[in-house]
Amino acid sequence: MTLYVGLGNPGPTYEKTRHNIGFRVIDRLVAETGARDISKKSFEGELYRQGSRFFLKPHTFMNLSGRSVRAVMNFYKIPLEDLVVIHDDIDLPLGTIRYKIGGSSGGHNGLRSIDAEVGREYLRVRLGVGKPTHKGEVVSYVLSPFTPEEEEATVERIVVFAAEACLKIPELDISELKSRYSLKAPTSED
């Protein structure tokens, strides 16, 4: 069994923000696989299932995402090595996709919450959303929507690519995943 968790904040206010790109990948995976809704109040989020794949969008808000993840993992007895967390990463340029197992939260409150609730040694699908000009603008930056130009040129492409990569995760080891499904940010020459 594999549990895919997309990080984001619930509600229409946050729907198209940089912080919610993980939710968008989960929406794509649910649509592509025809997963059915198996949500329960105790999961504190939207949970979908297709075969041995589970897709979760926590509704706890970012800072408490780990509660929802822990509830689903405990209920279905999903081991930590079968957890895949898809999240925004301001340390990567927009359009970049990278993968890693474990490590620090890098200041990401959703990852910090999951680390505290279930441990750190899980696969992270890191989706670059770019960085604000000034360090003090991080919160407003990640809670702002992508520009129409970013949406058109980059965002949909990385959501589709990340969903495709996620479906391959159970059959690839981390080095194969990195070599076949990492993406560099597009340059002006692309």
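The values are calculated or read from the model by the stated rules, or taken from the named source; none is laboratory data. Note that this is a predicted model, so its numbers are computed, not measured. Quick reminder, even Gly has a Cβ in these numbers, built from the backbone with ideal geometry, and neighbours come from all protein chains shown.
Do any strands (runs of 3 or more DSSP E) lying entirely in segment 33-97 carry at least 1 residues that are over 17 Å from the mean Cα position of the chain (by Cα) and among the polar types (S, T, N, Q), and which ones are they?
On the way: elements: 45-50, 53-58, 83-89.
Answer list for segment 33-97: 45-50.
Does G110 satisfy the condition of being surrounded by fewer than 19 Cβ atoms within 10 Å (Cβ to Cβ) and either in a loop (DSSP other than H, G, I, E, B) or touching a residue at least 12 places away in the same chain (Cβ under 8 Å) (or both)?
Details: surrounded by fewer than 19 Cβ atoms within 10 Å (Cβ to Cβ): no; either in a loop (DSSP other than H, G, I, E, B) or touching a residue at least 12 places away in the same chain (Cβ under 8 Å) (or both): yes.
No, not satisfied.
Suppose we filter segment 23-76 for residues that are of a type in the set (G, A, S), over 13 Å from I114 (Cα atoms) and either buried (at least 16 other Cβ atoms within 10 Å of the Cβ) or free of Cβ contacts under 8 Å to residues at least 40 places away in the same chain (or both); how many remain? If you could, list the steps in order and put the result at the bottom.
Applying the first criterion (of a type in the set (G, A, S)) to segment 23-76 yields 31, 34-35, 39, 42, 45, 51-52, 65-66, 68, 71.
Next, only the ones that are over 13 Å from I114 (Cα atoms) stay: 31, 34-35, 39, 42, 45, 51-52.
Then keep just the ones that are either buried (at least 16 other Cβ atoms within 10 Å of the Cβ) or free of Cβ contacts under 8 Å to residues at least 40 places away in the same chain (or both); that gives 31, 34-35, 39, 42, 45, 51.
Here the count works out to 7.
Answer with yes or no whether F61 is modelled with pLDDT under 95 and either farther than 27 Å from A153 by Cα or not charged (D, E, K, R) (or both). Outline the logic, then answer.
On the way: modelled with pLDDT under 95: yes; either farther than 27 Å from A153 by Cα or not charged (D, E, K, R) (or both): yes.
Criteria met by F61.
Do the conditions hold for T96, that is, is it modelled with pLDDT under 95, surrounded by 17 or more Cβ atoms within 10 Å (Cβ to Cβ) and more than 21 Å from A35 (Cα to Cα)?
Values: modelled with pLDDT under 95: no; surrounded by 17 or more Cβ atoms within 10 Å (Cβ to Cβ): yes; more than 21 Å from A35 (Cα to Cα): yes.
No.
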